[in-house]
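Q: Here it is, the structure in full.
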């Protein structure tokens, strides 16, 4: 499958990507991969339910109780329709996100990992944070056993702030801040 990097964009989930969304989910399940940045993908019954839940998550009035508004993006080749990654941008932080999750969670589809897609995807999400949400500082975290994610965050201007223990997994996670001054 040939991907044209110049055609890669962050797009909101839509019915046009339903088959790719289903394939992305299946690939994550089959590879036993982490599901960071996938929003409601795994709680939704099907791609269309995921699309609806993603739209609902953007507004406080329609977001699930206890969660902050968030924008779900697909990182896709607009020409071929191939979905390479997913990234979830939280518009603000609640107590839980301020401790560990941060503003952004992301995932590259397993068959595209190690091919240089994460950094441009994260860079586009950081632009959205600055231009659409007015965030001059973004918090992002990754588990310490994920050097690829750490490399991506550092390449996008991340500065390590602290190390915490994830209460769900017991693993250590690094907390990074990316500011307007540090963005690459």
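Q: If we scan region 87-100, do we find a residue that is farther than 26 Å from residue 166 by Cβ and at pLDDT below 95?
A: Here is the first cut: in region 87-100, the residues farther than 26 Å from residue 166 by Cβ are none.
No, region 87-100 has no match at all.
Q: Out of the residues in region 117-176 that are within 17 Å of the chain's Cα centre (by Cα) and part of a loop (DSSP other than H, G, I, E, B), which is nearest to residue 7 (Cα to Cα)?
A: 117
Okay, residues lined up against (1) surrounded by fewer than 12 Cβ atoms within 10 Å (Cβ to Cβ); (2) within 17 Å of residue 121 (Cβ to Cβ):
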| site | (1), (2) |
| --- | --- |
| 8 | no, yes |
| 12 | no, yes |
| 27 | no, yes |
| 32 | yes, no |
| 37 | no, yes |
| 40 | no, no |
| 54 | no, yes |
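Q: Taking only region 155-178 into account, find how many residues are crowded, with 19+ Cβ neighbours inside 10 Å and either on the phi > 0 side of the Ramachandran plot or free of Cβ contacts under 8 Å to residues at least 12 places away in the same chain (or both).
A: Taking region 155-178 as the starting set, the residues that turn out to be crowded, with 19+ Cβ neighbours inside 10 Å are 156-158, 173-176, 178.
Subset that is either on the phi > 0 side of the Ramachandran plot or free of Cβ contacts under 8 Å to residues at least 12 places away in the same chain (or both): 157.
Of the residues in that region, 1 qualify.
Q: Residue under question is residue 76, and the condition is that it be in contact with a strand residue (DSSP E or B) (Cβ under 6 Å, 6 or more places away or on another chain), crowded, with 18+ Cβ neighbours inside 10 Å and in contact (Cβ under 8 Å) with a residue 12 or more places away in the chain; does it hold? Spell out how you get there, then give the answer.
A: Values: in contact with a strand residue (DSSP E or B) (Cβ under 6 Å, 6 or more places away or on another chain): yes; crowded, with 18+ Cβ neighbours inside 10 Å: yes; in contact (Cβ under 8 Å) with a residue 12 or more places away in the chain: yes.
Yes: the conditions hold for residue 76.
Q: Quick check: is even one residue across region 91-100 touching a helix residue (DSSP H, G or I) at 6+ places or on another chain (Cβ under 7 Å), under 26 Å from residue 8 (Cα atoms), free of Cβ contacts under 8 Å to residues at least 60 places away in the same chain and surrounded by 13 or more Cβ atoms within 10 Å (Cβ to Cβ)? Show your work before the answer.
A: Pass one, region 91-100, residues touching a helix residue (DSSP H, G or I) at 6+ places or on another chain (Cβ under 7 Å): none.
Scanning region 91-100 turns up no residue that is touching a helix residue (DSSP H, G or I) at 6+ places or on another chain (Cβ under 7 Å), under 26 Å from residue 8 (Cα atoms), free of Cβ contacts under 8 Å to residues at least 60 places away in the same chain and surrounded by 13 or more Cβ atoms within 10 Å (Cβ to Cβ).
Q: Applying the selection to region 136-149, what residues are over 21 Å from residue 92 (Cα atoms) and surrounded by 18 or more Cβ atoms within 10 Å (Cβ to Cβ)?
A: If the condition is that a residue be over 21 Å from residue 92 (Cα atoms) and surrounded by 18 or more Cβ atoms within 10 Å (Cβ to Cβ), then 149 is the only one that fits.
The values are calculated or read from the model by the stated rules, or taken from the named source; none is laboratory data. Since the model is a prediction, treat every value here as computed from it, not as a measurement. Note that we place each Cβ from the backbone using ideal geometry, even for glycine, and neighbour counts take in every protein chain shown.
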